[in-house]
1. At what distance in angstrom do the alpha carbon centres of the stretch 160-225 and the stretch 316-359 lie from each other?
2. With a Förster radius of 41 Å, plug the Cβ-Cβ distance of GLU145 and GLN46 into 1/(1 + (r/R0)^6) and report the FRET value to the nearest 0.05.
3. Which residues' amide hydrogens lie under 5 Å from the amide hydrogen of GLU352, considering only partners 5 or more residues apart or on another chain, with H built in the peptide plane?
4. Per residue of the stretch 245-252, what does 6.51 cos²θ - 1.76 cosθ + 1.60 with θ = phi - 60° give for ³J(HN,Hα)? Whole Hz please, x for Gly and Pro, Karplus curve as stated.
5. Taking the Cα centre of each part, how many Å lie between the stretch 237-294 and the stretch 1-73?
6. Counting only protein heavy atoms and using a 1.4 Å probe, what share of the accessible area of the stretch 222-337 belongs to carbon plus sulfur, as a whole percent?
7. Could you work out how much longer the chain between GLN363 and GLN199 gets when fully extended? Use 0.36 nm per residue separation minus the Cα distance between them, nm to one decimal.
8. Would you compute the Debye intensity of the stretch 199-337 from its alpha-carbon atoms alone, equal scatterers and no solvent, and pass along log10 I(q)/I(0) at q = 0.12, 0.20 Å⁻¹ to two decimals?
Amino acid sequence: MATDDGNPIPRFPPDFLWGVSTSAHQIEGAAKEREPSVWDVFTAEQGRVKDGSTAAVACDHYHRYREDTALLAGLGVDAYRFSVSWPRVNSPGGLDFYDRLVDELCAAGVRPVPTLFHWDLPASLDWLQRDTAARFAEYVTVVAERLGDRVPKWITLNEPAEHTLLGHALGAHAPGKRLLFDALPVAHHQLLAHGLAVQALRAAGAGGIGIANSHGPTWPASGDPADVAAADFYDLLLNRLFAEPVVLGEYPEGMGELMPGDVAADLKVIAEPVDWYGINYYAPTRVGAPGGTDSEYGGLALPAELPFSVREIEGRPVTDFGWPVVPEGLTELLTAFRDRYGDRLPPIVITENGCSYEGIDDQDRIAYLDAHIRALHAALECGVDVRGYFVWSLMDNFEWAEGYARRFGLVHVDYETLERTPKASYRWFRDVLQAQR
């Protein structure tokens, strides 16, 4: 199937992995059947979520996982990336749910790809505390020992950069702390948790281990040295700070000194070899020198005291979320990673890529995915070792601080009746996958 002037999407390698992604807090619901997470606490506070909603019910995937697995089977994906809720595993019967889900996926011929942390930290824990990394490794061991015989691919953490920046530096996400650069220990402790989780998974006999980091090209607002310096710092903070400890076993220059504990010893753990490296891609960021006033990024207010400001990328269509649509940015990002890290870079999997658009006849989403899949193929043709692509998301869901105002799904969810309706993009992606086989 084609949307690019009638040209079919190019062929990917026969073993290329095609999938879709979700996360536990955004779709599961059944909040009373598990212990609270930081997101339950956050959404209970007035004004934290734009539409005042919570994920107490969400898509009720906890009770409808068989119906949702049938949607996955009908879509024809190779794999399903979901997340395991740490608070649910801590609760009676919680791990049994994931046991049933994994069995259902395997019976449907869909490979389970669990993410072990997707922002829903137990409310009793805090990433500012080093001990949380050790508690995470203990939890990972419990999950791996139960599910490991059926799981071919694991993800330790999802987007530690966003969880640090939005949740702890700017206060826009749970747990709602506004620490600015005092949030850096959160970054370090999450990375340490990743390394300890890799060790725990290996000890449990698991393989196929990766991490899902968010990345995007950083474009200076101009050639002015102040704009270039601000863009370089932003790139260090959002891209290199979270990639290089994993890939190279070192922090970018000047950052290790800002981290807590025995950083050299911790880096040896953080750099435990992974089998692949996950990248979530949505858009580049245009960055300039601070302007002395607050700036805005994707509806998020950025305080003036930051050493950069985020500027609009002009001349590009935007999604309903206001994010610019720049598919060639994915090619740029992947070739830049290849050039920067060379042989040290593991094989790459695109663990998230998607867009927010309203409507069931979602032609804009089809055009977006078509263009990004072609951009991914262009990176392959440039010699980048990319092994898979996961669309965000299988279904509409609770979009964090946006509540239910944004729809990223291939499947429409009526939040009153919880009825699922496959969108035009679902049928399009199904046909793409059939053509690849």
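The values are calculated or read from the model by the stated rules, or taken from the named source; none is laboratory data. What you see is a predicted model, and the numbers here were worked out from it, not measured in a lab. Every residue, glycine as well, gets a Cβ built from its backbone with ideal geometry; the counts of neighbours run over all protein chains shown. What goes into the accessible areas is simple: the full protein's heavy atoms, side chains included, and nothing from ligands, DNA or RNA. Shrake-Rupley method; radii C 1.70, N 1.55, O 1.52, S 1.80 Å.
1. Each part reduced to its Cα centre gives a spacing of 17 Å.
2. 0.50
3. So GLU352 has HN proximity to ILE279, ASN280, TYR281, PHE390.
4. x, 6, 7, 10, x, 8, 7, x
5. 26
6. 53
7. Working: separation 164, 0.36 × 164 = 59.04 nm, distance 4.38 nm.
Residue separation times 0.36 nm, minus the Cα-Cα distance, leaves 54.7 nm.
8. -0.59, -1.24
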